[in-house]
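One structure is given below, encoded as structure tokens.
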Amino acid sequence: MDGEAIYYGLNALSHNVIMANRKKLKNPNGLYLGVPGSGKSFSGKRELVNVFLATNDRIIILDPMGEYSPLVRQFGKDGLVVEIAPNSPHFINPMDLDLSMDDEVSPISLKCDFILSLMELIVGGKDGLQPVERTIIDRCARMVYQDLLNDPEHAPMPTLQDLYDLLCQQSEPEAKRLATALEIYVSGSLNVFNHETNVDLNRRLVCLDLKKLGAGLRTIAMLIMQDLVNSQVSMNFLRGIATWCYFDEFHVLLRDRLTASYCVAIWKMLRKKGCVPSALTQNVKDFLASPEIENIFENSDFLVLLSQAQGDRQILAKQLGISPHQLSYVTHTNSGEGLLFFGNTTIPFVDRFPQNTELYAIMTTRPEDKKQEMNRA
């Protein structure tokens, strides 16, 4: 392909250069699958660097392990690392609402759906939210934005504190239970998201770094970041700008039924807004454990399949219709070798990146490479 085509390595059979433009696919959604050490994260970084150089598109990374931050910082003023952590100076307000977004569904309705999902995650429990609780949350969510809707130019953006205060004012006993569950995220030890947004997300490359978050906040943070990504993609779409999104450690999002369901919905919506999303994960069994996740496979025409564990190979062979010969390209292979699925085309590929370069040292996550770098320093 020509134009904004991206380099994906060499054809393992013909040794021709592989250049492809995911935006020309019927469905540009993509997956990077491989065991630790197979080059999965490196391949994702490799692509995003080429996207940055070959296009004018924006790039957003959801980074649970902090692996992309060193690379993003190399892009200077074009790159921004937002560290979400208790001791971080960066804040993201999950209640942010952009009323200018012209969507199929009203912005306030979408935000209310998100708040319902967030509260269900916060309240927890086997049965989730009860109908009365859902009604109370929806009522308070619409009330909390009333001033903003009446005077969008001057009214302050609500925070979780405002939602908590409204819940406390409701007469139903269920409202007290909801307020008590939310309290730890407002005035307690997990109040990371009870602040106004203070970062400028209008950069070409934004990395949302969740590495320093504890287990009590990680799943909720990933849900909030998903909503943030959706709003950023929508804003870019209105400006005529495409957005590439990378979700590393994707299986973490899929462990919880609620975040998995929300993720599948977002996956379908993003494509309509000029987005090119990519999910990176190492645990295929967990990835395919939920029937909902099959929708992600069905809605992805781009797949980078790197070295796979034996059990995962059989699952993928059945899921993707891979022949025994093709399967050999993901069996005990070296890092950066595998199969590239692009629409109806399947190509075995090899990507040998020079290891004696500064860019390789920044992108690699292999412990042996990091140790060598430290020894050289």
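I'd like the antiparallel share, as a percent to the nearest 5, of DSSP beta bridges with both residues in the chain.
Looking only at bridges with both residues in the chain, the antiparallel portion is about 35 percent.
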Label selected from (1) 41, 24, 19; (2) 38, 22, 20; (3) 35, 23, 19, the criterion being semi-axes √(5λ) of the Cα gyration tensor in Å as computed here: (2)
Near Lys23, which aspartates and glutamates are there with a Cα under 14 Å away, not counting those fewer than 8 places off in the same chain? Asp2, Glu4, Glu47, Asp57, Asp301
Computed about the Cα centre, the charge dipole of the stretch 50-118 from +1 Lys/Arg and -1 Asp/Glu charges at the Cβ has a magnitude in debye, to the nearest 20, of 300
Highest mean first, how do 117-123, 243-249, 185-191, 174-180 rank when packing is the count of other Cβ atoms within 10 Å averaged over residues? 243-249, 117-123, 174-180, 185-191
The stretch 204-216 - phi-based ³J(HN,Hα) in whole Hz, Karplus 6.51/-1.76/1.60, Gly and Pro as x: 5, 10, 10, 10, 9, 8, 10, 4, 8, 7, x, 4, x
How much of the accessible area of the stretch 190-266, in percent, comes from carbon and sulfur atoms when a 1.4 Å probe is used? 49
Rounded to the nearest 20 Debye, what is the dipole magnitude of the stretch 202-268 about its Cα centre when Lys and Arg each give +1 and Asp and Glu each give -1 at the C-beta? 100
Once amide hydrogens are built 1.01 Å from N within the peptide plane, the residues lying 5 or more places from Ile60 or on another chain with amide H under 5 Å from its amide H are Val206, Trp244, Cys245, Tyr246
Pairing the Cα long axis of helix 367-376 with the longest principal axis of the chain, what angle in degrees results, from 0 to 90 and rounded to the nearest 10? 80
Dipole of the chain, positive direction: furthest Cα of Pro89, Ile18, Val132, with charges on the beta-carbon: Ile18
With Cα atoms, 0 to 90° folded angle of helix 257-271 axis to the chain main axis: 70
Around Pro131 (Cβ within 15 Å, Cβ-to-Cβ, excluding Pro131; K/R +1, D/E -1) the net charge comes to -3
Nearest 10 degrees is fine. How inclined is helix 131-144 to the longest principal axis of the chain, computing both from alpha carbons? 80
Rounded to the nearest 20 debye, dipole of the chain from Cβ charges on Lys, Arg, Asp, Glu: 1180
Karplus (6.51, -1.76, 1.60) ³J(HN,Hα), θ = phi - 60°, over the stretch 47-60, in Hz, Gly and Pro reported as x: 5, 5, 5, 5, 4, 4, 7, 9, 9, 10, 6, 8, 9, 10
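Quick check on my link table: of Lys176/Lys285; Lys111/Lys268; Lys24/Lys212, which ones sit more than 29 Å apart, alpha carbon to alpha carbon?
As for pairs spanning more than 29 Å Cα to Cα, those are Lys176/Lys285; Lys24/Lys212.
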In terms of the charge dipole of the chain, which places +1 on Lys and Arg and -1 on Asp and Glu at the beta carbon, the residue among Ile224, Asn356, Met119 farthest towards the positive end is Asn356
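The values are calculated or read from the model by the stated rules, or taken from the named source; none is laboratory data. Not measured: the values here are computed from a predicted model. Methodologically, a virtual Cβ is constructed for each residue, glycine included, from the backbone with ideal geometry; neighbour enumeration extends over all protein chains shown. Remember, those area values only see protein heavy atoms, side chains included, never the ligands or the DNA or RNA. Shrake-Rupley method; radii C 1.70, N 1.55, O 1.52, S 1.80 Å.
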